[in-house]
1. Suppose the filter is crowded, with 19+ Cβ neighbours inside 10 Å, away from the ligand (no atom under 16 Å from the Cβ) and either at pLDDT 95 or above or over 30 Å from residue 245 (Cβ atoms) (or both); does residue 65 pass it?
2. Among residues belonging to the range 1-15 that are surrounded by fewer than 19 Cβ atoms within 10 Å (Cβ to Cβ) and under 29 Å from residue 295 (Cβ atoms), point out the one that is nearest to the ligand (Cβ to nearest atom).
3. Would you confirm, using the coordinates I've provided, whether residue 68 is closer than 30 Å to residue 315 by Cβ, in a loop (DSSP other than H, G, I, E, B) and free of Cβ contacts under 8 Å to residues at least 60 places away in the same chain?
4. For the range 16-28, what are the residues that are modelled with pLDDT of 95 or more and either within 15 Å of the ligand (Cβ to nearest atom) or crowded, with 24+ Cβ neighbours inside 10 Å (or both)?
5. Counting residues that are under 34 Å from the mean Cα position of the chain (by Cα), which helices (runs of 4 or more DSSP H) fully inside the range 419-515 reach at least 3?
6. Is it true that residue 44 is touching a residue at least 24 places away in the same chain (Cβ under 8 Å) and part of a loop (DSSP other than H, G, I, E, B)?
7. What are the residues in the range 29-57 that are within 25 Å of residue 156 (Cβ to Cβ), within 34 Å of the chain's Cα centre (by Cα), surrounded by fewer than 16 Cβ atoms within 10 Å (Cβ to Cβ) and not acidic (Asp, Glu), if any?
Amino acid sequence: MKYIPIIGMEVHVELKTHSKMFCACKNDADETQANTNICPVCTGQPGTLPVPNKQAIEWTVLIGKALGCTIRDLSKFDRKHYFYPDLPKAYQISQYDEPIAEHGTIHLEFLLEDNIHPNADIGITRAHLEEDTAKLSHNDNNTTHVDFNRSGIPLVEIVTDPDFKTATEAKLYCQELRTLLRFLDVSDADMEKGHMRCEANISLQEAGRFEIINGEVRPLGDYTLNAKVELKNLNSFKAVERGIQYEIDRQTTMLENNEIWKQQTRGWDETKNETVLQREKENAADYRYFPEPDIPPFHPLTIATNISLPELPQATRMRFHTEYGLSYADAQLLTQDKQWRDFCEQVMTEIIEWIHSLPESKESSDDISHHTKHKIAQLAGGWITSKLMGMMNERRMNIHDIPFSPENFAELITLIYSERVNSTNAQKILADMLDSKTDIDPTHIMEEKGYGQVRDEETLHSIVDDVIKNYPVQVEQFKFGKDTIIKFLIGMAMKASEGSADPTIVERLLREKLK
Ligand SMILES: [Zn+2]
């Protein structure tokens, strides 16, 4: 490959603090009535004073730590000057040379069918805190309205080093960042709602003629770097991938035709499926940054004393893999957000409790119980990611719509595992559980609808007799008063009947015969 794509990402994230960044106005992203959550501070009235939001600083520290950043001992706010109708002060309070967090790294793992590299370590240049601008809406009758509800919402800008080599890597980074922000519970990170806004910097350089030092692309020898293109309007993960790929292809063609271009900003046009020129930069914008005189410099770590880093998505994924034996793909699906992670975690906890209540796990070595645990966890993982998620897709449901508890889902898995119900009937039960308005017990559905149960006592008599004959040791233990062993014997009868026997009748017959 003659040209190497050099891609860096800039992501803006709205924090879901209760109040805005520098005033007490409500930070409510769902407010539909324009200009209701406003005050003199966030509408930029002269003479007002900004008071920084403590929680926003704490959360930026938290994000920085989660991204492996160094947290600066001393940080400050700066004024970034520019005029635009959504910014009545004619400056934005941001951070210039002393951001709260810097020099981090994020590790990404890719599925090989998706990307040419198996993994990548992406440098995080910085994460800093600033205020969001107001929102302009351009109307059909040639007028523009300004809504100040968004003005002053805390915004964290996360900038990466130019470490991405493919469009897929950049998309996966944005997805990973969304998962991380949701795990930290600091933002809803919904791209469609503008909680998370992604921009890419893309340039193509000749292989072997440049180096990247401290996140900066530098030419080698007499090579002149090709100008970078700033790509905006990437409003979905799909747009991130398609927009960047389009730019890579466009710049490749230009280079092959010996064309050069100026540094420029382009926007992704979703309907035309192409990037369009927005403006060319003659020289770098001069924002005339200077320290915000109304807010003294601060020590982020002295402010953020109460924060602790929760288990991060990658660690959870690894744990789901090692502890439960889930495949990497399943683990990834189950850690896409906190709700699925918690659902999966609760299902697994119930299942493990169930395994420990089985007499066979007490009798056998830890290895076998570990093996059993993996086997049933994999079964549960597979049922969640393929069957449950698939049925939910058909019904256009999301995790908040699931009417049943993780306990009852776990119970369904134990029914399948102990072969009390076969896969076909289990899917019918799951469909009933999903379509119900309440949390129904799968055993109840199974019994009520008679999914494959044998209640004919004559057949069951002979199965029970065989079990008693085949497991004399356990039968002895039961007779000596170890009542829990009955579950094992029932389990063996279920197995012998290929899951079709009625366990209640089996238990009654066993107890009668072993009296
Ligand atoms: Zn306000």
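1. Taking the combined requirement at face value, the residue satisfies it.
2. It comes out as 12.
3. Yes; evaluated as a whole, the condition is true for this residue.
4. Of everything in the range 16-28, those that are modelled with pLDDT of 95 or more and either within 15 Å of the ligand (Cβ to nearest atom) or crowded, with 24+ Cβ neighbours inside 10 Å (or both) turn out to be 17, 18, 19, 20, 21, 22, 23, 24, 25, 26, 27.
5. 423-435, 442-449
6. Yes.
7. Within the range 29-57, 29, 32, 35, 36, 51, 54 qualify.
Residue-by-condition table, conditions (1) assigned to a strand (DSSP E or B); (2) away from the ligand (no atom under 16 Å from the Cβ); (3) of a type outside the set (Gly, Ala, Ser); (4) in contact with a Cys (Cβ under 9 Å, 6 or more places away or on another chain):
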site: 93; (1), (2), (3), (4): yes, no, yes, no
site: 97; (1), (2), (3), (4): no, yes, yes, no
site: 102; (1), (2), (3), (4): yes, yes, yes, yes
site: 106; (1), (2), (3), (4): yes, yes, yes, no
site: 127; (1), (2), (3), (4): yes, yes, no, yes
site: 133; (1), (2), (3), (4): no, no, yes, no
site: 142; (1), (2), (3), (4): no, yes, yes, no
site: 151; (1), (2), (3), (4): no, no, no, yes
site: 156; (1), (2), (3), (4): yes, yes, yes, no
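The values are calculated or read from the model by the stated rules, or taken from the named source; none is laboratory data. Every value quoted in this text rests on a predicted model; they were computed, and no experiment measured them. Every residue, glycine as well, gets a Cβ built from its backbone with ideal geometry; the counts of neighbours run over all protein chains shown.
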